[in-house]
Amino acid sequence: MYGVWFTDTLLGGPDDIKPGMLIITVDIHEVEAEPYEEINSGSGYRAFNIPADIVTQFALNFPTVYSDCGIYKITNP
């Protein structure tokens, strides 16, 4: 079974995206994601390693990442 790693915030900026990496957003119900949450105390963000067969039940979006006055933002198509 393959998983997809998600965070609840954008980590890094566009320069941190390496060849072959994709930014994906998904509106997934918290009750579906919570069982796959990783414990990262003090990290400042929540992370999840959700099985691909669960993720693909929801609409995937492939946003554009851009910087506005030094603040990184994402836009969904």
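Test residue 58 against the criterion of being at pLDDT 80 or above, assigned to a loop (DSSP other than H, G, I, E, B), surrounded by 12 or more Cβ atoms within 10 Å (Cβ to Cβ) and touching a strand residue (DSSP E or B) at 6+ places or on another chain (Cβ under 6 Å), and give yes or no.
Details: at pLDDT 80 or above: yes; assigned to a loop (DSSP other than H, G, I, E, B): yes; surrounded by 12 or more Cβ atoms within 10 Å (Cβ to Cβ): yes; touching a strand residue (DSSP E or B) at 6+ places or on another chain (Cβ under 6 Å): yes.
For residue 58, the condition - at pLDDT 80 or above, assigned to a loop (DSSP other than H, G, I, E, B), surrounded by 12 or more Cβ atoms within 10 Å (Cβ to Cβ) and touching a strand residue (DSSP E or B) at 6+ places or on another chain (Cβ under 6 Å) - is met.
Quickly run through the stretch 1-40 and pick out the residues that are touching a strand residue (DSSP E or B) at 6+ places or on another chain (Cβ under 6 Å) and not aliphatic (A, V, I, L, M).
The answer is 3, 5, 6, 7, 13, 14, 25, 36, 37, 38, 40.
Which numbered condition trips up residue 3, out of (1) at pLDDT 85 or above; (2) surrounded by 12 or more Cβ atoms within 10 Å (Cβ to Cβ)?
(1)
I'd like the residue in the stretch 21-34 that is without any contact (Cβ under 8 Å) to a residue 40 or more places away in the chain and closer than 15 Å to residue 64 by Cα and, out of all such residues, is surrounded by the most Cβ atoms within 10 Å (Cβ to Cβ). Give the derivation first.
Going through the stretch 21-34, the residues without any contact (Cβ under 8 Å) to a residue 40 or more places away in the chain turn out to be 21, 24, 26-34.
Filter again for closer than 15 Å to residue 64 by Cα, leaving 21, 24, 26.
Working: 21: 8, 24: 13, 26: 16.
Residue satisfying both the conditions and the ranking: 26.
Per-residue answers, yes or no, for (1) closer than 15 Å to residue 75 by Cα; (2) at pLDDT 80 or above:
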| position | (1), (2) |
| --- | --- |
| 10 | yes, no |
| 25 | yes, yes |
| 34 | no, yes |
| 49 | no, yes |
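The values are calculated or read from the model by the stated rules, or taken from the named source; none is laboratory data. Because the structure is a prediction, the values reported are computed rather than measured. For neighbour counting, all protein chains shown are included, and Cβ atoms are generated from backbone atoms with ideal geometry for every residue, glycine included.
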